[in-house]
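What follows is a short report on a single structure.
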Amino acid sequence: MRLNFRYLLLAVLSLLVGACANPGSPDGGPYDEEPPRVIGSTPIFGQVGSKNSKIRIFFNENVSLDNATDKVVISPPQLEMPEIASKGKYIEVKLSDTLKANTTYSIDFADAIVDNNEGNPLGNYAFIFSTGENIDTMEISGTVLNAENLEPIKGILVGLHSDTTDTAFTQKPLIRVARTNGSGRFIIRGVARGNYKIYALNDADGDFRYSQKSEMLAFNSQTITPSCFTDVRMDTIWHDSIYYDSIVPVHYTHFMPDNIILTAFKASHADRHLLKTERLVSEHFEIYFTAPSTELPRLKGLNYDADNAFIIESNATKDTISYWLKDTTLIYQDTLETLVTYFENDSIGALVERTDTIEFVSKFSHEKQVKWAAEAHKKWLKEQNKKKKKGAPYEKTPPVAELGMENRIGNIAPNENLTFAFKEPLAVIDTSKIHLYIQKDSIYEKAPYIFRQDSVSCMKFKLYGEWRPLQRYRLVVDSAAFVGIYQHASQKIDQKFEIPSLDTYGSLFVNISGVDESKAIVQLLSSSDKPISNARIKNGTAEFYFVRSGTYYLRTFIDRNGNNKWDEGDYSTGLQPEETYYFPHKVIVKARWDINQDWNINDYPLNKQKPLEITKQKPDQNRTIKNRNAEREQGKKKK
């Protein structure tokens, strides 16, 4: 009998469908949990006398590169960008620069090499070869931190110079380089024996030298001499992911130094140039510079008289300056043509005087401003006429424009004061309209106060009072107590507030050692790493009073020049940034408690001081093999 092929095919398909319908889906086999393995290379790893600028590294499976641009670092540094690519089962690196004679080359891949299937990382892998007869095997390692706040700096370039003169860093490219990881950690490989200077550089233009003052940098005045010795560490042999079999000693080569700390900073003493000018509103204009100065610019009006024409508001460093026009006719003048004379750095860095003709053009023309004012008046008049016809109360004169103001009244500790910040300079300050009262029984009586302008800003003021805990106060500021130079008047303020009980606060006494107390400033920090208050050290102790209950942190810096603020360094003069230290633990302040905290700033190395809770640059997560087979088995057991 002849078998019908069509029926045979249908029978086979039905069996397959039935098999697929069985409980428990078929297993596709175990996941690949093995990292890629190097099986060869050209040139051979560690080869000497190589002349090949094209390197191929072969693997037992297909591989790919994860973020090679940021992770792969080649020493000596390449001025021409190398080509780095994964091609199936090998990685190819083409060096565009001419190979240097008698030089060890290292290609540090970090954890960039992964397999194609599961992304299993090879781990920290570096390929080394030499164009000379020997391989340089020394290593130097350490950490780069932000000098001001000890934040680890990720991705900054760290390099060496065998030329130990100070000019090498600015005139020659670094000879061996590495990049820091998320912990700020670096390892420079393939180093020859000898003496070196070490630097860190945020290399903006890719020339491997400090060529721009805007580049973040760190330098060490000490000369470094690499060395090594055979050391022993204890290693764990694991039975599985939970249990271990034994702990055994392992001999390894320990390279020194391995604990270099570089504190990086960005010089604020960058070349001074005119950055920009703007006149966003007609009442004032701004001039911005790229660096501080000790003098304000000189202004001469070409189509107006600039003498006594402004109220000048400048920041402390005189690189951001606002010019408020006092004359109404100038406010409505669309263009103010001005000669601006200022100091800037020339091509060799010397300060020279320069004069520019600048047109300060109002963003909105005089016609538009007059039109808007007329429309606003028309709208107000229409509203008042409606009220008049209805017999409702109405205003006969237009209201005075309100003076913009921000104030802090209430919620202050006994050692704090009320603050006022205005949106424009003041023409009138009538303190007879400021009334401070203190409650005695049920009656408010007048209380003394002092109203004083801020030492830096002409638009900020403080009201000083004799604040008593648990005492209620009332501040009344009559309308028009403050009138701005553009006739904007303040509104009435009538606010009651109470000074909290002393039981609300605690005190913190920091007994600090290891510093010159005549120069150190201790800062109490919030959980966001922001200073809350500063204290000088007296008799070995920094005292903080009226501290609210909560969790705090501590930082101190050495105020070498006595200006009460942290200052960066200056490479041109060999000046290091002012030293910064962190107390490595949080400090808990409780109400009604006096907390005494001992702190020796030298108990921990700098890279171990800053608490992780307030460290913004967290360490990189180690890329590990995915244990997916075990996860799948666990899933089956749960079913």
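Remarks
- With 21 Å as the limit, the listed pairs Lys586/Lys610; Lys266/Lys616; Lys387/Lys423; Lys94/Lys213; Lys382/Lys423; Lys378/Lys492 have Lys387/Lys423; Lys94/Lys213; Lys382/Lys423; Lys378/Lys492 beyond it between alpha carbons.
- Calculated FRET efficiency for the pair Thr225/Tyr252, C-beta based, R₀ 30 Å, to 0.05: 0.90
- Each residue of segment 425-437 was assigned a 3J(HN,Hα) from its phi angle through the Karplus curve 6.51 cos²θ - 1.76 cosθ + 1.60 (θ = phi - 60°); the sequence is x, 9, 9, 10, 10, 9, 5, 5, 9, 9, 10, 10, 10 Hz, with glycine and proline shown as x.
- Distances between placed amide hydrogens fall under 5 Å for Gln47 paired with Ser130, all partners being 5 or more residues away or on another chain.
- Rg to Rh, two decimals, where segment 558-623 supplies the alpha carbon set and Rh follows Kirkwood: 1.07
- Rounded to the nearest whole Hz, the Karplus-based 3J(HN,Hα) values (6.51 cos²θ - 1.76 cosθ + 1.60, θ = phi - 60°) of segment 78-87 follow the sequence 9, 6, 8, 4, x, 9, 10, 8, 8, 9, with x at glycine and proline.
- Amide H contacts of Ile187: Arg179, each under 5 Å away and 5 or more positions distant or on a separate chain (H built 1.01 Å from N in the peptide plane; Pro and chain starts excluded).
- Debye log10 I(q)/I(0) for the chain, one point scatterer per Cα, at q = 0.07, 0.11, 0.12 Å⁻¹: -0.76, -1.24, -1.33
Each value in this text was obtained by applying a stated rule to the coordinates, not by laboratory testing. What you see is a predicted model; the values in this text were computed from it and never measured. Don't worry about glycine lacking a Cβ; one is built from the backbone with ideal geometry, like all the others, and counts go over all protein chains shown.
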